[in-house]
Amino acid sequence: MTRDGERVIELMNELGSRVSNVLSDMVPPAAQVHLLNAQRELITALMLIYENRVAPAPATKRVRRAKASRRTTKRDRKISID
């Protein structure tokens, strides 16, 4: 992870803790647990988006493979039904 990514994580954690301190007086404890879980999921999603955009493009190129030749056997033709 880059240093910028670490700073973003620290910033998100700080903002989350400040918001949770403000809301602790107004929100019941059971709802606080749900809000904290949602906050964690949001931070995780934001970090994945950030890392995906910052990461360098893959260096591998797509290579087309030649089509596999199909074996022909006696069973490949139609079977006559009497």
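The values are calculated or read from the model by the stated rules, or taken from the named source; none is laboratory data. Remember, it's a predicted structure, so these values are computed and weren't measured experimentally. Cβ sites come from the backbone with ideal geometry, for glycine too, and all protein chains shown count toward neighbours.
Only residues that are among the hydrophobic types (A, V, I, L, M, F, W, C) and under 21 Å from GLU6 (Cα atoms): list them for the range 25-56, please.
Applying the first criterion (among the hydrophobic types (A, V, I, L, M, F, W, C)) to the range 25-56 yields 26-27, 30-31, 33, 35-36, 38, 42-43, 45-49, 54-55.
If the condition is that a residue be among the hydrophobic types (A, V, I, L, M, F, W, C) and under 21 Å from GLU6 (Cα atoms), then LEU36, ALA38, LEU42, ILE43, ALA45, LEU46, MET47, LEU48, ILE49, VAL54, ALA55 are the ones that fit.
Tally time: how many residues in the range 1-57 are in a loop (DSSP other than H, G, I, E, B) and modelled with pLDDT under 80? It would help to see each step written out before you state the result.
Narrowing the range 1-57 to residues in a loop (DSSP other than H, G, I, E, B): 1-2, 24-28, 55-57.
Within this subset, residues satisfying the condition of being modelled with pLDDT under 80 are 1-2, 24-25, 55-57.
Total satisfying the criteria: 7.
Any residue in the range 13-33 that is surrounded by 11 or more Cβ atoms within 10 Å (Cβ to Cβ) sitting within a Cβ distance under 9 Å of a residue that is not in a helix (DSSP H, G or I)? List the pairs, counting only those 6 or more apart or interchain.
The qualifying pairs are SER20/VAL27; GLN32/SER24.
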